[in-house]
Each structure stands twice: as C-alpha cells, then as structure tokens.
Amino acid sequence: MISHLFKLIWNKKKAHALLIIEIWASFMVLFGLLSLIVFNIRNYSQPLGFTYENVWAIGLQSNQDTVGIPQKAQRIFQRLKAYPEVASVSRASNNFPFSSSNMNTRVDHEKRHTMVEYYIVDAHFSNTLEMPLVAGRWYRGADSVGKFKPIVINQKASEELFENENPLGKIISKDKQVIGVVGNFKGKGEFMSNQPALFEQLDENNDWNKTMLVRVKPGTDAMFEAKVVKDLSAMQAGWSVEVDHLTDSRKTQHNLTLVPVIIALIVSGFLLVNVALGLFGILNLSIARRRGEIGLRRALGATGRGISTQFIGEIWVLATFALLIGLLFAVQFPLLDVFDLQRGIYVTAMLIAVGIIYGIVTLCALFPSRQAAMIQPAVALHEE
Amino acid sequence: MITLKNIEKVYRTTRIETLALTNINLSIAPGEFISIMGPSGCGKSTLLNLMGLLDEPSAGQVQIGGEVVTQYRDRELARLRNRKIGFIFQSFHLINDLSVIDNVEIPLLYRKGDAVGASRREMAREALEKVGLSNRMKHFPGQLSGGQKQRVAIARAIVGRPDIILADEPTGNLDSAMGNEIMNILQQLNAGGATIVMVTHDETMAKQTHRLIRLFDGALVGDSVLARTDD
C-alpha cells in the first residue's frame, strides 16, 4: 500500500507542488527557529559559573574630577568593605557579569590561538561572585610583582589553547601566566554559550576599572542602597554613583535573548497555523473531489478505516517528499559549520521539526480523513 | 450464490421517504448470467448495490455464498466485497493518476497475505491479458478509448478472481461495436464460471444473458429464463 501511495502522489506531483513547497517552507522556518531554541536551551542547561544573588554593581563616574582617581577609588573600595551589611567587595572592569559592555582579545599559546572575553578584575572577584576553581588558585595582591601577569582562565579557554594539557604555569601571549582555572563563566547570562574567558589582575593604580561589585548579606534592603549612594556621593563630590542589582541586569540580558525568540515563535506560529489551515482546506477539497474514488475503493474492498488511513498516508507521503527536500537544505548547516553551532543542535532541531511537521499534517488530515471514511460507497459511486 | 429475501429499501430524509425497493425475493445460482432491466429510477442500481454490499437494506436479508451478511460489520463486508465480488461501472471509475496496471492492482492492495508484490503484479498482468490489454499496461486512463477503459475496469473486476461480477450498465457509455466487445468478454468470463449480474437498458444485450429480471417502481415484475442467442 505504501508504494501505491507513493506512486499516486508522485504521479500527481505537479498538482501537489505548491503543497510540497508550503510544507518545505514550514520545515525550513521551523528548523531555523528550533535551532535557535535548542541552542538557547542547551546554553541554559549549562551552569553559569558564578552566583549573582545579592550582588550589586556600583558604577562610579569621576566626571570632571581627574586628580588621584585610583586612590579615591581605593578609598571607596575600603569604605564599602567596612559596612557590616557587605560580605565582599571586588573591583572590576566595565564588562562585569550581565553588563552591556564587552571586551575581548586574542590570545595565543605556541601555534594555537583563540578569542577570549577579557575581564580585568581584582583578587576578590572569585570570592564576591562565588566562583569555584577547578585547578590552581585565584591571584593575590602579591602576584602583581612577578615577571608575568597572573591570569585565571576558564575551562573553555584552556581547551582551546591547551587541549588536554595542564594549563597551570603555561605562558600565553608572551606576558601572561595561567595560575588558575575556573569551570564555566557565562558573563552574559544563562542563554550565553560558554565562551573562552580570561581574568587578568587589576592594577589598582589605574584610572579605569572602578566598578565595585558588592555582595551584600541576605536581607539587606533598599535603605542600605540609599545610604551607600549618599555616603559615596558625599565622599567624592562631583562623582556619580549608580547601583545595579545583578538580578535585574540578568533579566535585561535574558530579555535581549528571549524577545527575538518569542517574536520568531509568534511569527512561526502564525505561519504554521496558516499552513495547517491551508492543508486542512486542501484535504477537505480533495476529499470532496475524490468521492467517486472513495466509493470505488470501498467497492473494491477498502474499509472505512482503510480509507481514513489512506488519506493520512497520502499526506504523510507528501510531507515526506517536502521533508526530504528540506533535509537536503538543512543538513548543509552542520556539514558546512554554518553559524559555528554544535552539530547536535542542528540534528536535534531537524528531528523535532520533522516530528512537528508530521504531527501537524496528521492533525490536519484526521478530520477530513474521518469524513472520507464515513462516505457511503453507493452514494459516492452514484454521484460520480 | 446470491439470495435476497423480502428486501425493502427506503431512502429517508428529514422531510420525505422514498421507497426504492419493495418485497424483492430473488435467488441467483452460481454460474448464472442475469440481466436486470427497467425504466430509470425503478431501483436497478439500488438492487445491484445491495447485492454488492455497497448499501444496506431497510428490511429483509441478503445472503452471499450462503452467508447472511445483513448484520455484518464494515470490515467483514469489505472482505466479502474484496474476495467474492467484482464491480464494473458504466463510467469505468478508473483512477486517472494511476497507470492501467496500477488501477487493476487496486483490489489486491486490500487483500492481506496472499497477494503481495510481484505476485500482485503478475495477477494484474494476467487479468489484462484476458481482456486483451497487455500492451497498454503502462498507459494512463486518459490515453485510452472508452472501450479500452471498460476492459481495464473488467480486468480490475476479475483480478481477484471473484465468484460474482456485478456490472452496472457496462456498455452504457460505449458504441454498439465496443458494447459487443465488452459483452463478449463478459460471456467468456461467465463461461469460465463467474456469476454475472448486469444492469442494462439495452434489450439486445439483455437477450444475450441467461435470465432477465424486470423491475418497475421498486418491485420485481418479471423474472424470465431466456433462450441463449450464443447457443
């Protein structure tokens, strides 16, 4: 029966061409959307590599003040540390977690090189963000006097630069020595893929990098936030002080990822509903036009259920033709490494898209095929 | 082979009832070639549909090969239609998107077990040879004449080697030469042992059968054994 259905559909391929194109287009849209969703879900399921609850980022702008900036920043650092509500403070570059700033650089080791997200942070950073180390240690203030700049990299950077070798003690880009390795570090939130990251020790005498990351004790409220802003503004007249809660910044980052996905999901949803309605209409029309054939098949031995199965089978064959063409296109993405995504993401998206397309066409065919099954053979033959 | 007892068929809508057949008692023996005649709307096709298990009587009993089929379910009726009955229609009812041999194969598709793959192909080829169309197997219905289409329909009716062939005005859409050709094939099939029931408007064709049933206003008004012209 399957070969019969293939023959029937193949012989009517011109009449079905538009339907095949419609299913193909739906598959391609679904495949694109699902690749994006699978990519984000996979990222989301991987650990962030740090904690952000009760962490505030205090942004300091010296504005017109240009004198003794590093010393003033250090005084603020010490002041923050002295509050009993504060558990830990760290100075960091502007690309702190969930911020909208990026800073990256290319690093190399022997003949291998990679782009890393480049963080300039002090010795307290890992403590403030509760980052577990998987090897070595985080740098200390005393490390700054050594021949090489002490750096900590994440495991992804280690894999890119050293594959399976032990990275500890290795020199990269001539002047940086790896002294520690952390696991994941997804600075832009859970939806970000785990990219290579490098943490370099902050120079306290530098004018830049004066964002203070403050871990407050649980239960600390907005009163304290207001007090901090007031105190710091009083300490350094003319400076602006801005407090961001990392939990809020995280939401903003998530929205940047989720909003386009949700829009694409809504647009694709409408497209799929249209395709489903189109298929439903075409099947209804097809059954109305093929009443004679239905009567004939019943006369020749088909049961009502057999007729129903035939119509579902036909739409499955049509979908199979469309999906084969679609898969031919889709498979190019993992083969040509388009968008540098893992192959598994594309394969998963393909499988889910195929499943959804078969599901939609089956749903669309169910009602018309049941109607076809109820057609009385004698009546249908007579109408013809 | 076919027995109809006290058959009544009423078509009901919400507003009207139409009595299509009333008090039909008829017995058809194996190997008979019967023609049914009567004016349009007298119930000929309805009677044929009841014999072919395409419709259910409002009252009465239908027996096919000794089996009382009145209470049969869809699956059992479909099996009986597939195994025991072959249909030939006035308008051929060929599927235009399938080749001649694929059309002929259709009844075998609904037969589980004994007709698969190559053997199905072989049976269809044999049926087409019987009607003299083995050279048109790959053609499509649109490429055939009316007579050839009806021969394909006959091949389809006999491919499953049924005991009974029901023909609803098989020569109705054909000229007399083509009609005679079809009639010859039916007579050959009957000579081979098939029981044939044919609805026709053509007295000449009817006279070539063994027995003539006449219907009028849904009632059986005549049942006569004919002197066979081919003897």
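Just so it is clear, none of the values below were taken in a lab; they were calculated from the coordinates. Given the structure is predicted, the values throughout are model-derived calculations rather than measurements. Virtual Cβ from ideal backbone geometry, glycine too; neighbours counted across all protein chains shown.
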Worksheet item: How far apart, in nm, are two points set 7 Å out from the Cα along the Cα-to-Cβ line at B:Ser119 and at B:Gln143?
Response: 3.0
Discussion item. A 32 angstrom limit on the alpha carbon distance is what I want to check against. Which of A:Lys14/B:Lys44; B:Lys9/B:Lys207; A:Lys72/A:Lys149; B:Lys5/B:Lys149; A:Lys111/A:Lys188 exceed it?
Written reply: A:Lys14/B:Lys44; B:Lys5/B:Lys149
Worksheet item: Ranking A:Ser45, A:Ser268 by Cβ neighbours within 10 Å, fewest first, what do you get?
Response: A:Ser45, A:Ser268
Item to complete: With runs of 4+ DSSP H residues as the only contributors, calculate the mean residue ellipticity of chain A at 222 nm using -39,500 (n - 2.57) per run, divided by the residue total and rounded to the nearest 500.
Response: -18000 deg cm²/dmol
Fill in: Computed label-point distance, nm, for sites A:Ala222 and A:Val134 using a 7 Å Cα→Cβ extension
4.1
Worksheet item: Helix B:74-84 versus the longest principal axis of chain B: what is the Cα-based angle in degrees, 0 to 90, to the nearest 10?
Response: 60
Fill in: Cα-based helix-to-principal-axis angle, A:13-45 vs chain A, degrees rounded to 10
30
Discussion item. What is the ratio of the Cα radius of gyration of chain A to 2.2 N^0.38 Å, with N the residue count, to two decimals?
Written reply: 1.47
Discussion item. Suppose the chain between A:Leu324 and A:Leu285 were pulled fully straight at 0.36 nm per residue; how much longer would it get relative to their current alpha carbon spacing?
Written reply: 11.5 nm
Worksheet item: Got a sec? Which residues in the stretch A:341-384 would a label at B:Asp74 touch, if it sits 7 Å along Cα→Cβ and we count backbone N under 15 Å?
Response: A:366-380
Worksheet item: Ignoring the sites themselves, what is the longest stretch of chain B with no trypsin sites (Lys or Arg not before Pro) in a DSSP loop and at most 15 other beta-carbon atoms within 10 Å?
Response: B:139-206
Worksheet entry | Nonlocal amide H pairs with B:Leu226, under 5 Å, H built at 1.01 Å | B:Arg211, B:Leu212
Discussion item. Charges at C-beta only: +1 for Lys and Arg, -1 for Asp and Glu. How large is the resulting dipole of the protein assembly as shown about its Cα centre, in Debye rounded to 20?
Written reply: 440
